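Q: I'd like to ask you about the structure that follows.
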Amino acid sequence: MISRKLSFVIMTILIAISLMFGGVEKQTTNASTLTSASKYTLSINGKKVNANVQVIKGRSYVPLRAITNKLGYTISYSLVDELDLYQYYEIDGASKRVTIWGNKNRGYSIIKRIGKEYSPDDIQIYDAKIKCVSETDLCELIKDIYEGPFVKNNTLYVPIRYMADAFSLNLKISNNIIHITK
């Protein structure tokens with residue numbers, strides 16, 4: 001009997017929270033700020049990459065897998081449950097390692113790792129800004145200033161400039177072509 005009452009109370013709390021923060025789950029991209037993908041081409045080390053480039057508020061985004069595969073990097077992916085489900089991507093490239101983690105509610109962060117283990121010397125390339133209800137874990141993404149990765153059609157799109165910084169790649173954009181070289 002107690003477990004039924006406890007289950008009911010927990011479900012009621014979860015429903016109340018979802019009603020309070022219902023707007024948080026909306027996609028962080030706005031269709032009115034999206035530039036036609038066919039307008040831009042991605043080139044990695046001089047070779048054209050078949051990738052759907054998105055431009056939002058003047059910032060170019062590309063599918064994570066498109067750039068990592070062409071650069072020969074490997075990706076591991078996992079879901080981590082810490083009060084919410086977080087997507088965790090670890091990208092290994094040559095002697096470089098980058099971690100991307102987050103979700104659509106709290107945004108995504110990009111971290112350039114110094115070694116295999118986490119270190120205080122790791123470099124925060126991008127950190128999503130959130131606002132939280134005082135003394136709680138109820139937080140939401142500040143969408144007006146968000147410039148980080150986003151998920152569209154089950155694909156993680158990453159800001160190309162941040163990824164170039166994270167992997168120390170050369171980046172040049174000219175004539176609607178995004179050039180990336182090692």
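The values are calculated or read from the model by the stated rules, or taken from the named source; none is laboratory data. Note that the structure is a prediction, hence the values are computed from the model and not measured. Positions of Cβ are backbone-derived with ideal geometry, glycine not excepted, and every protein chain shown enters the neighbour counts. Side chains are part of the model used for accessible areas, which takes the heavy atoms of the whole protein and leaves out ligands, DNA and RNA. Shrake-Rupley method; radii C 1.70, N 1.55, O 1.52, S 1.80 Å.
Q: If I ask for residues that are in contact with a Ser or Thr (Cβ under 9 Å, 6 or more places away or on another chain) and open to solvent by 50 Å² or more (accessible area, probe 1.4 Å), which ones from the stretch 146-159 would you list?
A: Answer for the stretch 146-159, where residues must be in contact with a Ser or Thr (Cβ under 9 Å, 6 or more places away or on another chain) and open to solvent by 50 Å² or more (accessible area, probe 1.4 Å): just K152.
Q: Residue check, D127 against (1) without any contact (Cβ under 8 Å) to a residue 40 or more places away in the chain; (2) out of contact with any Ser or Thr (no Cβ under 7 Å at 6 or more places or on another chain), all met but one. Which one?
A: All conditions pass for D127, except number (2).
Q: Could you pull out the residue among V55, V133 that is at pLDDT 90 or above and hydrophobic (A, V, I, L, M, F, W, C)?
A: On the way: V133 fails: at pLDDT 90 or above.
After ruling out the rest, the residue left standing is V55.
Q: Of all the residues that make up the stretch 163-177, how many are within 24 Å of K104 (Cβ to Cβ) and open to solvent by 20 Å² or more (accessible area, probe 1.4 Å)?
A: Final tally of qualifying residues: 1.
Q: Same structure again: What number of residues within the stretch 124-134 are closer than 16 Å to Y89 by Cα and surrounded by 13 or more Cβ atoms within 10 Å (Cβ to Cβ)?
A: 4
Q: Further question on the same structure: Could you tell me which of the residues G102, G115 is touching an Asp or Glu at 6+ places or on another chain (Cβ under 9 Å) and among the small types (G, A, S)?
A: Going through G102, G115 in turn, the sole match is G115.
One line per residue, one yes/no per condition, for (1) over 30 Å from K39 (Cβ atoms); (2) open to solvent by 50 Å² or more (accessible area, probe 1.4 Å); (3) not in a strand (DSSP E or B):
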{"residue": "Y61", "(1), (2), (3)": "no, no, no"}
{"residue": "W101", "(1), (2), (3)": "yes, yes, no"}
{"residue": "I110", "(1), (2), (3)": "no, no, no"}
{"residue": "D144", "(1), (2), (3)": "no, yes, yes"}
{"residue": "R161", "(1), (2), (3)": "no, yes, yes"}
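Q: Further question: Quick one: which residue in L71, L83, L79, L169 is touching a strand residue (DSSP E or B) at 6+ places or on another chain (Cβ under 9 Å) and farther than 18 Å from N45 by Cα?
A: One residue alone meets the criteria, L79.
Q: Would it be correct to say that D137 is open to solvent by 60 Å² or more (accessible area, probe 1.4 Å) and either in a strand (DSSP E or B) or touching a residue at least 40 places away in the same chain (Cβ under 8 Å) (or both)?
A: So D137 passes the test.
Q: Test S43 against the stated conditions and say whether it is polar (S, T, N, Q), at pLDDT below 90 and more than 19 Å from the chain's Cα centre (by Cα).
A: For S43, the condition - polar (S, T, N, Q), at pLDDT below 90 and more than 19 Å from the chain's Cα centre (by Cα) - is not met.
Q: Since L42 meets every condition but one in (1) assigned to a loop (DSSP other than H, G, I, E, B); (2) of a type outside the set (K, R); (3) under 16 Å from H179 (Cα atoms), which condition does it not meet?
A: Going through the list (1) assigned to a loop (DSSP other than H, G, I, E, B); (2) of a type outside the set (K, R); (3) under 16 Å from H179 (Cα atoms), L42 breaks only (1).
Q: Okay, next question. Quick test of your reading of the structure: E147 fulfils all but one of (1) farther than 27 Å from V55 by Cα; (2) within 11 Å of the chain's Cα centre (by Cα). Name the failing condition by number.
A: For E147, the exception is condition (1).
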